[in-house]
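The values are calculated or read from the model by the stated rules, or taken from the named source; none is laboratory data. Fair warning: this is a prediction, and the values are worked out from it, not measured in the lab. Ideal geometry is used to build each Cβ from the backbone, glycine not excepted, and the neighbour counts take in all protein chains shown. Areas reflect the complete protein model, heavy atoms only, side chains present, ligands, DNA and RNA absent. Shrake-Rupley method; radii C 1.70, N 1.55, O 1.52, S 1.80 Å.
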Amino acid sequence: MKTRKLMLGNEAIAQGLAENGCRVATSYPGTPASEILPALADLKNETGVPAHVQWAVNEKVAFEIAYAASITGLRSAVSMKQVGLNVASDPLMSAAYMGTRGGFVIISADDPGPHSSQTEQDSRLMAMMAKIPVLDPDSPAQAKDMTALAYDISETFQIPVMLRPTTRVCHSRQDIQAGPVPLADAKADFKKDPTRWAATPKFRYQLHKQLETKLNDIAEFEKTAPVRLNPEVVSSKAVVTSGVCAAYVREVMQDSGLMEKISLYQVLQPYPLHLRFMEELVQHHEDVLVIEETDPVIEMQLADRHRVKGKLNGVVPGVGELLPERILEIIGGFAGVEVPSVRLPDVPGRRPTLCAGCPHRASFFAIKRAVPKGIYTGDIGCYTLGLNLGAVDTVLCMGAAISQAAGFYHAYKDQPDPPDVVATIGDSTFFHAGIPALVDAVVQNVRFVLVILDNSTTAMTGNQPTPASGIGACGESLTTVDIDAVVRGCGVRFCREADPYQLDALTGLLKEAVSYARENGPAVIISKHPCLIHRRGAARDVVSVPVAVTDACDGCGYCIRHFECPALVLKGDSGRVTIDPMACSQCGVCIHVCPKHALIEQKNN
Ligand code: SF4
Ligand code: SF4
């Protein structure tokens, strides 16, 4: 039975995977891709489709699991965000050479802007480097349709195919036709062929030659040829676009009357670009404008540079999102017509901050108090916001808090009075990329303190489970992996647990850990308290401590500057702090923050 549903772009992708018989789907959470796997897990639970759906410990592992399923002949998929693809780039490059049997779709969601990422990188360039085709959807509906197309290309040419939605596609909603999900069990059937699946360098050379042939064939594949959106128009000028920019360009050209004047092409497959399209473009048009996010992937493949305008000659901005108002200006300039200038109202921004009652805030406060002159290496997660509290000095990529701590230690170790180094990393990030770095730090006897901020979930991307949670993507029970045991297994001899809400005890433990590390090597503290917004987590069992502000408060603002709980508000007229009852989670930690003891536990509440 077919039904229409208002779907998020990521739900539409999950629907497309399910409808097209995906039997193994894996992911590591990362915005804007995080909702794909939960939507697929819901479909599995609703329909009973015999698929394996799982969160993996990181993107490389996720990729390798899904890829192995594809070489048994099953259809599979792996999803991640663009920086996650960096982690999975090692198997990606090899998988392109060896190819697939069952269709294999790699969904890498890009974040132009960037709204919640370290970089704006364009996954289409990674596809180009790996030499695999990439599809660029302009909407949730097209993203769903492209999953079918991706499986078609993947199985026709035996090659992994990338689907590259961007934030606006992933997180917009559209009324979409949901089709039936096939329930028949597909059978895995691995045919041993070491020259392909375990190819040595001699065979890899042959595989590379085969891959080049496949790419030439894909560049002529009719189903992914660019679409001419106004074939009736004859013009010496042409606009070429792809992805969500295609949706904006269509709208802008329709609204400004340029749709009847300038040729418009939508590229569905930015790499490899269709050979005939490239020829036609230069044969029929004098002037070509390319509008794409984020890097000039289409533009670079158009060899006749003097006819092409885009990012490479500065006509189109090379950084940031391309929003409709900017696209209108660019196309107006290209067409040589006056277009109305659209100015959106300035909305005052709000600095991102940790939630009221977030246990990480307490951990950072304790670190600053215990090691005020330390170097603080940070990592990727909500707790990156520890930089607002002056407790994060560096953020590079997943797991780098530990390796950068080692780098600082080695850089300073021969100087008199080397600084103490305190690294912070979340529980999920520790499993993702922290363990190898910790092993290295133990081997090299790096003198530093690692604080694992364990809130029992992957909070920043929507509370996905960690290996310590004991729960799977579909709600099933799984084996747990104990962080303390892993840390000790890595060879760390000082490993203690503390509750960050017990601020004084944690501060004391941190001082002890620093003393230990100076003399002996790595010391680890697991600062454990559940995330407050994790509905399935243990937060609901936490005791409430309501706080009252007494007359001892003189409005010095220390708690606001150094602790920054959004529930603490300094009102100019009252001359003292007040607590916003709508925001306060009654964690009670601020009681231990005020140096004048003006905040006390409110009895008889
Ligand atoms: S509660 Fe304490 S730290 Fe905060 S403004 Fe009042 S006196 Fe200062
Ligand atoms: S008790 Fe204090 S620290 Fe906790 S949320 Fe309320 S105001 Fe913030």
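Computed values, structure above
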item	result
Some residue of segment 491-499 being away from ligand 1 (no atom under 16 Å from the Cβ) and out of contact with any helix residue (DSSP H, G or I) (no Cβ under 8 Å at 6 or more places or on another chain)	no
Boolean, LEU506 is at negative phi, within 15 Å of ligand 2 (Cβ to nearest atom) and in contact with a helix residue (DSSP H, G or I) (Cβ under 7 Å, 6 or more places away or on another chain)	yes
Some residue of segment 529-548 being more than 10 Å from ligand 1 (Cβ to nearest atom), open to solvent by 60 Å² or more (accessible area, probe 1.4 Å) and in contact with a Phe, Trp or Tyr (Cβ under 9 Å, 6 or more places away or on another chain)	no
Among the residues listed as LEU510, LEU503, the single one being in contact with a His (Cβ under 8 Å, 6 or more places away or on another chain) and surrounded by 19 or more Cβ atoms within 10 Å (Cβ to Cβ)	LEU503
Among (1) touching a Phe, Trp or Tyr at 6+ places or on another chain (Cβ under 7 Å); (2) among the aliphatic types (A, V, I, L, M); (3) more than 10 Å from ligand 2 (Cβ to nearest atom) - the single one VAL593 does not satisfy	(3)
Among (1) assigned to a loop (DSSP other than H, G, I, E, B); (2) closer than 30 Å to VAL446 by Cα, the one test that PHE364 misses	(1)
ARG250, sole failed condition from (1) touching a residue at least 12 places away in the same chain (Cβ under 8 Å); (2) in a helix (DSSP H, G or I); (3) surrounded by fewer than 17 Cβ atoms within 10 Å (Cβ to Cβ)	(3)
Condition met for ALA95 (farther than 23 Å from GLY179 by Cβ, open to solvent by less than 30 Å² (accessible area, probe 1.4 Å) and hydrophobic (A, V, I, L, M, F, W, C))	yes
Failed criterion for CYS559 (all others in (1) open to solvent by less than 30 Å² (accessible area, probe 1.4 Å); (2) under 31 Å from the mean Cα position of the chain (by Cα); (3) within 14 Å of ligand 2 (Cβ to nearest atom) hold)	(2)
Looking only at segment 575-586, and only at residues there that are exposed (fewer than 15 other Cβ atoms within 10 Å of the Cβ) and near ligand 1 (Cβ under 10 Å from one of its atoms), the one that is farthest from ALA356 (Cα to Cα)	GLY575
Qualifying residue in segment 482-500 (condition: buried (at least 22 other Cβ atoms within 10 Å of the Cβ), at pLDDT below 95 and either in contact with a strand residue (DSSP E or B) (Cβ under 9 Å, 6 or more places away or on another chain) or not aromatic (Phe, Trp, Tyr) (or both))	no
Number of positions in segment 310-327 that are over 21 Å from the mean Cα position of the chain (by Cα) and buried (at least 20 other Cβ atoms within 10 Å of the Cβ)	4
Those strands (runs of 3 or more DSSP E) lying entirely in segment 104-192 with at least 1 residues of a type in the set (S, T, N, Q) and surrounded by 24 or more Cβ atoms within 10 Å (Cβ to Cβ)	104-109
Leading residue by the ranking (surrounded by the most Cβ atoms within 10 Å (Cβ to Cβ)) among those in segment 193-223 that are polar (S, T, N, Q) and not in a loop (DSSP other than H, G, I, E, B)	GLN210
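This table checks each residue for (1) in contact (Cβ under 8 Å) with a residue 40 or more places away in the chain; (2) open to solvent by less than 30 Å² (accessible area, probe 1.4 Å); (3) within 16 Å of ligand 1 (Cβ to nearest atom); (4) closer than 30 Å to SER477 by Cβ.
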site: SER527; (1), (2), (3), (4): yes, yes, no, yes
site: PRO566; (1), (2), (3), (4): yes, no, yes, no
site: ASP573; (1), (2), (3), (4): no, no, yes, no
site: GLY588; (1), (2), (3), (4): yes, yes, yes, no
